[in-house]
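Read the structure below first, then the notes.
The values are calculated or read from the model by the stated rules, or taken from the named source; none is laboratory data. On a predicted model such as this, the values are computed, not experimentally measured, just so you know. Note: ideal-geometry Cβ built from the backbone for every residue, glycine included; neighbour counts use all protein chains shown. These accessible areas exclude ligands, DNA and RNA; they are computed on the full protein's heavy atoms, side chains included. Shrake-Rupley method; radii C 1.70, N 1.55, O 1.52, S 1.80 Å.
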Amino acid sequence: MSPFSWLRNLSNPLTHQAGFGPVLRIIAVLLLVLVVMMALPLAVLALERDPDIRAFATSILITLGVSGLLLVLTRDAGFELRPRQMFILTVMSWVVFAGFASLPMMLGSPQLSIADAVFEAVSGVTSTGATVIVDLDTTSDGIKLWRGLLQWIGGVGIIVMAIAILPFLKVGGMRLFQTESSAWTEHIVPRAGGMAKSISMVYLGLSALAMLSYWLLGMRPFDAVVHGMTSVSTGGFANYDESFGVYASRPAILWVTVLFMLSGALPFVLYVRFITQRSMAIWRDQQVRGFFTILLVVIAMMTLERMLHHPGPFWPALTEITFNVVSVITTTGYATSDYNHWGTFAVSVFFYLLFIGGCSGSTTGGMKVFRFQVGLVMLVNQLRHLVHAQGVFVQRYNGRPLTDDIVRAVVAFSSFFFFTVSALSVALSFLGLDMVTSLSASVSMLGNTGPGLGELIGPAGNYAGMPEAAKWLLSFAMLLGRLEILTVLVLLTPAFWRK
């Protein structure tokens with residue numbers, strides 16, 4: 001008998017009975033990608049001769065070992081996926097990726113607990129931006145780069161990346177892309193691999209431009225690289241405890257950061273259309289116009305309120321308000337100051353901004369602007385029916401009729417979003433947190449925004465002081481939000497598992 005026959009016996013239930021073989025095989029390949037990513041901070045730490053190099057070296061060995069074992073166990077599984085397996089892969093890839101990404105932060109200088117390390121990794125991969133690391137200023141460059149890399153990969157989406165680099169595995173690309181996001185977009189590029197490649201190239205170009213811009217404006221090269229990744233990904237991890245408060249006296253950096261946060265909040269498929277077809281559809285898109293309308297109205301209202309109640313220089317006030325409003329509505333989470341102290345009006349506005357997010361098909365979280373617009377269309381249509389009971393009205397969005405499946409998807413997502421926020425808030429209150437902290441943390445984590453409201457988790461605080469059980473709950477909430485809730489919930493239905 002072969003000394004490795006036990007591996008063959010173990011692999012049979014995985015590949016044939018449970019049907020997880022193709023899923024685990026693709027997960028193994030994704031772990032290899034994670035190993036390559038870990039090599040970058042490892043190289044930086046080697047140049048700086050930082051002790052954290054041991055943490056990354058150990059993490060690489062562990063991840064590489066698990067990946068190799070999975071490849072051996074599933075060597076006969078192939079890569080063909082059935083529709084049900086695509087949903088399983090979508091969820092598992094984010095969970096496994098975040099789990100192994102937490103290793104350097106457990107083994108490295110932060111020496112985070114398991115709950116803290118998983119929270120930080122999930123926050124990075126989901127491009128949420130909430131942190132539990134207390135002293136970022138003295139944290140090694142390797143850990144800072146690792147946090148930035150996680151957000152950069154998470155911004156464009158692990159599944160989109162997989163479609164781009166694994167087309168030869170014959171994974172059902174378009175279906176896999178659709179399971180990650182409920183975005184309602186046109187198929188500008190016929191094949192999923194082509195779409196993912198085009199989106200990835202746009203994303204890479206914007207990131208490189210951001211890094212170059214920050215460097216030219218005076219950021220040290222390392223900070224320019226990390227902040228370039230975390231601004232375009234609308235992730236919000238910064239290299240300093242003060243976040244972007246360290247640049248508060250440099251308005252040029254703040255305004256350029258606003259531009260790159262906004263670039264990450266627009267539908268990337270419209271960038272592709274502009275490049276491939278020279279189409280100006282991005283300015284005609286109803287969602288984009290709605291997003292900028294909300295943004296301009298909110299900034300104007302808050303600036304007016306500031307000038308009326310706290311008179312002072314106009315330009316610094318406009319800069320501070322614009323930066324923080326854009327940061328919150330794009331779910332980036334940078335901050336230049338503690339807006340908890342701006343007054344009740346500002347705090348109320350920021351609370352509602354936590355819900356909105358950017359455009360569908362972007363790197364942002366939140367409910368997305370188009371869902372609010374579709375809800376408004378439905379409301380107007382219902383009012384018309386009340387006035388003209390026998391009338392026939394066509395619901396339109398972006399000049400096209402709203403189909404029943406889109407309406408159902410919007411209603412279902414919105415209902416589950418608010419239900420989940422309510423359930424999380426009650427659970428956090430049960431753990432001893434006050435109402436403002438519980439409610440804002442629930443919305444912020446489910447919307448992948450980052451900071452909440454209140455002294456504990458506001459822009460001047462972080463999530464280190466939260467109970468451990470709360471961190472696990474919020475880690476789950478971040479994953480739910482990044483996968484737009486329904487992708488995860490469908491796995492919990494008995495009908496999904498029936499053959």
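The table that follows gives values for the structure above.
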| quantity | calculated |
| --- | --- |
| Region 254-402 - convex hull of alpha carbons, volume per residue in Å³ | 130 |
| For the chain, size of Cβ-based charge dipole, Lys and Arg +1, Asp and Glu -1, in debye | 1960 |
| Probe 1.4 Å, accessible area per residue of region 407-464, Å² | 39 |
| Farthest positive-ward along the chain dipole, Cα basis, beta-carbon charges - from T234, N381, L30 | N381 |
| Positive dipole terminus of region 271-346, leading residue within L318, Q287, A300 (C-beta point charges) | Q287 |
| Inter-centroid distance (Cα atoms) of region 47-88 relative to region 365-424, Å | 41 |
| Separation of the E80 and Y240 label points, Cα + 7 Å toward Cβ, nm | 5.7 |
| Heavy-atom SASA rank of D76, D405, D285, D223 (probe 1.4 Å, accessible area, largest first) | D76, D405, D285, D223 |
| Carbon plus sulfur fraction of accessible area for region 317-439, probe 1.4 Å, in percent | 67 |
| Stokes-Einstein D for region 232-286, Kirkwood Rh over Cα pairs, 20 °C, 1.002 mPa s (µm²/s) | 163 |
| Probe 1.4 Å, all protein chains present, accessible-area order of F314, F291, largest first | F314, F291 |
| Heavy-atom SASA rank of T493, T74 (probe 1.4 Å, accessible area, largest first) | T493, T74 |
| Residue-span extension gain [W255 to A317] - 0.36 nm each, minus C-alpha spacing | 21.0 nm |
| Under 12 Å from the Cα of K471 - aspartates and glutamates, other chains or at least 8 residues apart | D116, E120 |
| Residue-averaged [θ]222 nm for the chain, counting only DSSP H segments that reach four residues, each worth -39500 (n - 2.57) | -21000 deg cm²/dmol |
